[in-house]
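Everything on this sheet refers to the single structure shown next.
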Amino acid sequence: MRWLLLIILLTGCSAIPLSSAPQVDRVPEGTLDAVAARTSLAALPLATPGRLDGYVRDCEDGKACVFGQPWFDTDGDGCDQRSQVLARDLTGVERKPGRCGVQAGTLDDPYTGTQVTSVSKIQIDHVVPLAEMWRSGAAAWSPEQRLAAANDLRNLVAVSGKVNQSKSDKTPDEWMPPNDGYACSYGRIYVTVKAAYGLSVAAAERTALENALTTCG
């Protein structure tokens, strides 16, 4: 450590550049590029997040189920959205006999930079959390609009269950993927969805997204 400090003093350097993780450029089809994402972010309406009054995601036992049945087959191709995301994001995919459901495959988890080889340990993340959609505009939507948004493949990414649980309903000012190399892609996906549905952003949320997009180069 002493020799490093000596080099700094002799060269006049005021700071040591930090190494950055390799960029992971894996995003759903339809995701904005970095330039378009920055432009779209600047255009999003700025607002204080609304309340969660009335937000009930659970569909069991007659509960409100405000975003509809999870993983609903919105495109009518006979394959639910979870299965479609798994088939898209995993390698070496094996489907259940005679069905579209995925029973095996390997995930290169973009959030952690690790591999997950058990499908049971993989979850599908809503990059823009459904609770955040509700707070930023979706509370006023029709049930049909909310169902479509909850199952929009642009907002769905396969990740490890553990990291998905750690994220929960947090926004980018509260949580970002542990893998720094995915910050750009995460920001692009998030802005794509917010812009597509005309959702608002909070000030801290916008700042965090601006920071994420600066890593795009």
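The values are calculated or read from the model by the stated rules, or taken from the named source; none is laboratory data. Keep in mind that this is a model prediction, so the values were computed, not measured. Using ideal geometry, Cβ is built from the backbone for each residue, glycine included, and neighbour counts are taken over all protein chains shown. Surface areas here come from the heavy atoms of the whole protein model, side chains and all, with no ligands, DNA or RNA. Shrake-Rupley method; radii C 1.70, N 1.55, O 1.52, S 1.80 Å.
Values as computed for the structure displayed
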read-out	value
Net dipole in debye of the stretch 97-153 [+1 Lys, Arg Cβ; -1 Asp, Glu Cβ; about Cα centre; nearest 20]	180
Cα gyration tensor shape for the stretch 32-81, rounded if a/c is under 1.5, else prolate or oblate	oblate
Point-to-point label distance, Asp77-Ser166, nm (Cα→Cβ direction, 7 Å offset)	3.2
The chain: most fluctuating residue of Glu132, Glu174, Glu205 per GNM, C-alpha cutoff 10 Å	Glu174
Cα-based Lys pair tally, the chain, threshold under 21 Å, eight or more apart or on separate chains	7
Computed [θ] at 222 nm, deg cm²/dmol, the chain (DSSP H ≥ 4; -39,500 (n - 2.57); rounded to nearest 500)	-10000 deg cm²/dmol
Check: the stretch 148-217 dipole with +1 on Lys, Arg Cβ and -1 on Asp, Glu Cβ, in debye	160
Whole-angstrom Cα spans of the stretch 82-217 along principal axes, big to small	47, 36, 24
Prolate/oblate/rounded call for the stretch 143-214, Cα gyration tensor, a/c under 1.5 rounded	oblate
Only Lys, Arg (+1) and Asp, Glu (-1) charged, at Cβ; the chain dipole about Cα centre in debye	360
Cβ crowding within 10 Å averaged over residues, with 185-198, 103-116 ranked highest first	185-198, 103-116
Amide proton proximity set for Gly105, modelled H, under 5 Å, gap of 5+	Glu94, Val119
With every protein chain in place, the chain: carbon and sulfur % of accessible area (1.4 Å)	54
From phi via Karplus (6.51, -1.76, 1.60), per-residue ³J(HN,Hα) for the stretch 88-96 in Hz, x at Gly/Pro	6, 9, 9, 10, x, 5, 10, 9, 5
The stretch 68-162: C-alpha gyration tensor shape, a/c 1.5 cut-off, then a/b vs b/c	oblate
Dipole of the stretch 88-163, positive end: most advanced residue of Trp141, Val159, Val102 [Cβ charges, Cα centre]	Val102
